[in-house]
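For reference, the structure is listed below as structure tokens.
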Amino acid sequence: MFGISEQTRPLPLVKLTVAAVLAAILSLPLPSALAADGTSTLRLNGPAAKALRAEGVELSAVKPATGGAQKVVFPIAASLAGKATTLVRHRGAISLQAGKKALRVANLTLVLDKRARVEAKLGGERLDLFRVTGGKRLVDPTAGSINLSGLRLKLTADGAREIGERLGLDSLRSQAFGQLATRVGSVPSGGGPSGGGGGGAAQSSTCPLPSAVGPTPEEPLPAKVKPLGAVDVTSAALDWHVRDSFIRYINTGEGTSVSGGATAAPPVLLPEASQALSYDFRFPFTGGWLDPGASPEAGDDTALVDFSGAVRFHYSAHGIDLSTADPEIEIAGANSRAIFAISEAGAAAKRQVLINLDLSRAAGVSVSGNTHTYERVPGAIPPGTASSTFAGFYTPGTEFGCVTVSFTTGP
């Protein structure tokens, strides 16, 4: 649906395509994309760090990082725990001082994918500063948690050259710099992704958790046909609360924007976030129908409610430019779902199931007269690859926010 990390080169995980999977980005956490509740510790114990100290270079932490010449502790600004790509972005910096020459190493971002590395800004220039090898890596995409230890960081040739030129050093070489440990959230001792199902830590603070993954979308996705005897929906409202960690993650890039009549709710400051953001989006009603079930309750109703407008999720440095438009809410018991027209970077849109809707876990389902309300129905990443925008990053069954839909039939 829209996971899970973002710089000079798009990360494979966030290469969104409408026909395939997000095959490699972010609980961003996502930062607090995903989450902002962790730290990374960099021990400056490698030959390259020792060579800097031997040359008289003073290494120190720049707030909000803490530490000194031997160890620096960075707060997490954003993180994304993915099956194919894990990203951790840090706050603070390292200051390198050689006499009157100074260099700040800032915006350190750990990217674990096929080309594990730490990217950073050196005096405004962004580059791959370290290659990353080894270590213990426990990542749970469902819970958005990351536990890394003993990662070996080797200074790249470009990094060594850039630091050497800026500080007037001739002897700095591409060699081991230190070790990195990172912890975001809580990973069970067994480690690793927890796989499918609706488990994991809640990532949308106001949404219930889904109980199951839900059905696999059809391919191609059919349009639902209005049955005989169905009555028209004459008015409706839709509120889509997007997974908290994804909103925080995407807002470390260009963020979200709305168009076509869609609106964003006023920004709110959640306890785990560092800034107020809009997590909820509303869409204009365009039409729909309701096929009442045999029961006067809403449990066996079938309905389709259509809306217009679009929400754009944009993080150009991580290759994300995703538009989710014209939502269709299908109410059909255990087969309920939310369908959007998805397009990447302005390409032609394709209808896709973004989330399966678990009515059994809704905060409330009610009928008052001819008004039907489904309150905070949790959404789960559907199974499948070609038909699921976020399969390959978020595992099937991972919660991805919730929807509240209310509609009225008749005059």
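The values are calculated or read from the model by the stated rules, or taken from the named source; none is laboratory data. Because the structure is predicted, anything quoted here is derived from the model rather than measured. Glycine also receives a Cβ, built like all others from the backbone with ideal geometry; neighbour counts cover every protein chain displayed.
Annotations for the structure displayed:
- Strands (runs of 3 or more DSSP E) fully within segment 236-339 counting 2 or more residues that are modelled with pLDDT of 90 or more and in contact with a Ser or Thr (Cβ under 7 Å, 6 or more places away or on another chain): 280-283, 285-291, 302-307, 310-315, 320-331
- Contact map, segment 313-334: residues that are in the same structural domain as PRO292 (by TED's automatic domain parsing) paired with residues that are part of a strand (DSSP E or B) and hydroxyl-bearing (Ser, Thr, Tyr), Cβ distance under 6 Å, separation 6+ or inter-chain. Pairs shown: PHE313/THR256; SER323/SER343; ALA332/THR302.
- Restricting attention to segment 365-381, the residues being in a strand (DSSP E or B) and at positive phi number 1.
- Any strands (runs of 3 or more DSSP E) falling wholly within segment 136-187 and containing at least 2 residues that are in contact with a Phe, Trp or Tyr (Cβ under 9 Å, 6 or more places away or on another chain): 145-155, 176-184
- Test: residue in segment 226-239 that is more than 29 Å from THR409 (Cα to Cα) and of a type in the set (Val, Ile, Thr): no
- Residue identified as under 20 Å from ILE250 (Cβ atoms), assigned by TED's automatic domain parsing to the domain that holds LEU172 and either out of contact with any His (no Cβ under 9 Å at 6 or more places or on another chain) or of a type outside the set (S, T, N, Q) (or both) among LEU129, LEU96, LEU110, LEU122: LEU110
So that you can scan it fast, the table gives a plain yes or no per residue for (1) at pLDDT below 90; (2) closer than 25 Å to LEU304 by Cα; (3) of a type in the set (Asp, Glu):
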site	(1), (2), (3)
GLY190	yes, no, no
GLN203	yes, no, no
THR206	yes, yes, no
ALA212	yes, yes, no
PRO215	no, yes, no
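- Some residue of segment 29-40 being farther than 30 Å from ALA310 by Cβ and modelled with pLDDT of 85 or more: yes
- One residue stands out among those in segment 42-101 that are of a type in the set (S, T, N, Q) and in a strand (DSSP E or B): the one that is surrounded by the most Cβ atoms within 10 Å (Cβ to Cβ), which is SER79.
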